[in-house]
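What follows is a set of notes on a single structure, which appears directly below.
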Amino acid sequence: MDIRQLTTFHRVATLLSFTRAATELKYAQSSVTAQIKGLEVSLGVELFERLRGRIRLTPAGERLMPYAERILALADEARGATAGPGDPSGSLVIGTTESLISYRMPPVLEYFHHRYPLLQLVLRPSLCAETCHALRQGSFDLGFLMEAETEHPGVQTAVLGSEPLALVAAPGHLLARERSLTTRDLRAAAVLAPEAGCAYRELFEAELNDGSGEPVSFLEFGNIESVKRGVAAGLGIGLLPAMTVAEAVEDGRLAVLDWEPPFEVFTQLAWRRGRQLSREARLFVDQTVAFMSEYYRPAATAAA
C-alpha cells in the first residue's frame, strides 16, 4: 500500500467512478484500475463492488476511507512542513458561486496569475450545500459559501463579512415609486430568482411566505444575469447581492426598492475541519482574506 494507491482509492471512492477519477488524476483508466487492484491485493480484500456500470464501496472500502483521508492529510502536512523555498505550485480546486466568480474573484485571480504562475487555481461553480459536501469528501481543497449560517458540520470557515443584498425592479415598476415598503407590499409582485439552493433566495422565499394567504411563487431564471435581464424587462422584482446589480443601478437599468431584508448572508471561505492546510492553500486563504477586506467592513474575522 502506497500513497499513490491511496490517493487513487480516495478519488474513486469520492467520485464513485473510475473514469472520472482517471480524468481528475490525469491517469489512463487502466492505470487507475491497476492501482485499485494492487491495493486490494495488498490488503487482501475487495474495496469496490461493480454493479451494472456502477460501483460502490464494500464494507472494507468504507472502513478504509477515513484512514485514507487521515493518511493523505498527514502526507500533505509533511510536504508543507518540509517544503523548500521554491515558489508555490500544483493546483487548488476551489468551489465558488457565480456572483463571487464574476464580481469578487478577478483581483485575486489576477494577483495569483502574476505572482504565483506555477500555482493553478481551478474554480468549480457550486451551490453552498454542494460545496460543503465536496469539502468534506475531499473533492474541493477550499470553497466559498454565501449563507446565513457560519457554522457547518465538518467544515471550518473564515468569515469574510456580511454580503449586502438589494431588492431591485425596473425603474418604471410600480414598487419603484413607493417608500418604506413592507414585506406585505411585496407579496403581490412577481418574483424572479436564481436556481433553488441559493441561500438568499430561500431566505427571501421564507420571508414572503411567512404568513397567511396564498404562497408566493418564484419565477426561476437559472442564474443571476438572467434574473437581472428579466427584472430590467419589467417581468418582476428580484433580490440579489448588491455587488451584482451595482452597475445596472448606476446606469439606470435597475432601481433599488426601499425595502431592507430582515436577514443577512455572510460570505465565507471554507475548508474541511481538521485538515492541515497546505502551504498553497494557506497562502490562498491569507491573500483572499486580505483582498476581500476591501469589500467587507469590519475586516475579515475567523470563525471556528
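Can residue 244 be described as within 30 Å of residue 117 (Cα to Cα), outside any strand (DSSP E or B), of a type in the set (Val, Ile, Thr) and touching a Lys or Arg at 6+ places or on another chain (Cβ under 9 Å)?
Yes.
Please state which of the following conditions residue 93 fails to meet, knowing it meets all the rest: (1) surrounded by 16 or more Cβ atoms within 10 Å (Cβ to Cβ); (2) without any contact (Cβ under 8 Å) to a residue 40 or more places away in the chain.
(2)
Note down all Cβ pairs under 6 Å where the first residue falls in region 274-287 and is touching a residue at least 24 places away in the same chain (Cβ under 8 Å), the second is crowded, with 20+ Cβ neighbours inside 10 Å and assigned to a loop (DSSP other than H, G, I, E, B), and they're at least six residues apart or on different chains.
281/141
Considering each residue of region 41-64, count those that are within 18 Å of residue 20 (Cβ to Cβ), modelled with pLDDT of 90 or more and of a type in the set (A, V, I, L, M, F, W, C), and give that number.
4
Anything in region 225-241 that is crowded, with 21+ Cβ neighbours inside 10 Å and assigned to a helix (DSSP H, G or I)? List them, or say none.
The answer is 227, 228, 231.
Residues to consider are 169, 148, 188; find the one that is surrounded by fewer than 19 Cβ atoms within 10 Å (Cβ to Cβ), more than 22 Å from the chain's Cα centre (by Cα) and small (Gly, Ala, Ser).
Being surrounded by fewer than 19 Cβ atoms within 10 Å (Cβ to Cβ), more than 22 Å from the chain's Cα centre (by Cα) and small (Gly, Ala, Ser) holds for just one of 169, 148, 188, which is 188.
Looking at (1) more than 18 Å from residue 226 (Cα to Cα); (2) among the small types (Gly, Ala, Ser); (3) in a loop (DSSP other than H, G, I, E, B); (4) within 32 Å of the chain's Cα centre (by Cα), which is the one condition that is false for residue 180?
The failed condition is (4).
Name the residues in region 28-52 that are farther than 11 Å from residue 1 by Cα, exposed (fewer than 15 other Cβ atoms within 10 Å of the Cβ) and among the hydroxyl-bearing types (Ser, Thr, Tyr), would you?
Answer for region 28-52, where residues must be farther than 11 Å from residue 1 by Cα, exposed (fewer than 15 other Cβ atoms within 10 Å of the Cβ) and among the hydroxyl-bearing types (Ser, Thr, Tyr): 30, 31.
If we only count strands (runs of 3 or more DSSP E) wholly inside region 17-104, which ones have 1 or more residues that are at positive phi?
The qualifying strands (runs of 3 or more DSSP E) are 90-96.
Would a scan of region 140-147 turn up a residue that is of a type outside the set (Val, Ile, Thr), without any contact (Cβ under 8 Å) to a residue 40 or more places away in the chain and outside the structural domain of residue 225 (by TED's automatic domain parsing)?
Taking every residue of region 140-147 in turn, none turns out to be of a type outside the set (Val, Ile, Thr), without any contact (Cβ under 8 Å) to a residue 40 or more places away in the chain and outside the structural domain of residue 225 (by TED's automatic domain parsing).
Say whether the condition of being touching a residue at least 12 places away in the same chain (Cβ under 8 Å), within 19 Å of the chain's Cα centre (by Cα) and either within 30 Å of residue 140 (Cβ to Cβ) or part of a strand (DSSP E or B) (or both) is met by at least one residue in region 247-262.
no
With 194, 262 as the choices, which residue is outside the structural domain of residue 127 (by TED's automatic domain parsing) and surrounded by fewer than 22 Cβ atoms within 10 Å (Cβ to Cβ)?
Step by step, each of 194, 262 is checked, and only 262 is outside the structural domain of residue 127 (by TED's automatic domain parsing) and surrounded by fewer than 22 Cβ atoms within 10 Å (Cβ to Cβ).
The values are calculated or read from the model by the stated rules, or taken from the named source; none is laboratory data. As the structure is a computational prediction, the values presented were derived from the model and not from experiment. Glycine also receives a Cβ, built like all others from the backbone with ideal geometry; neighbour counts cover every protein chain displayed.
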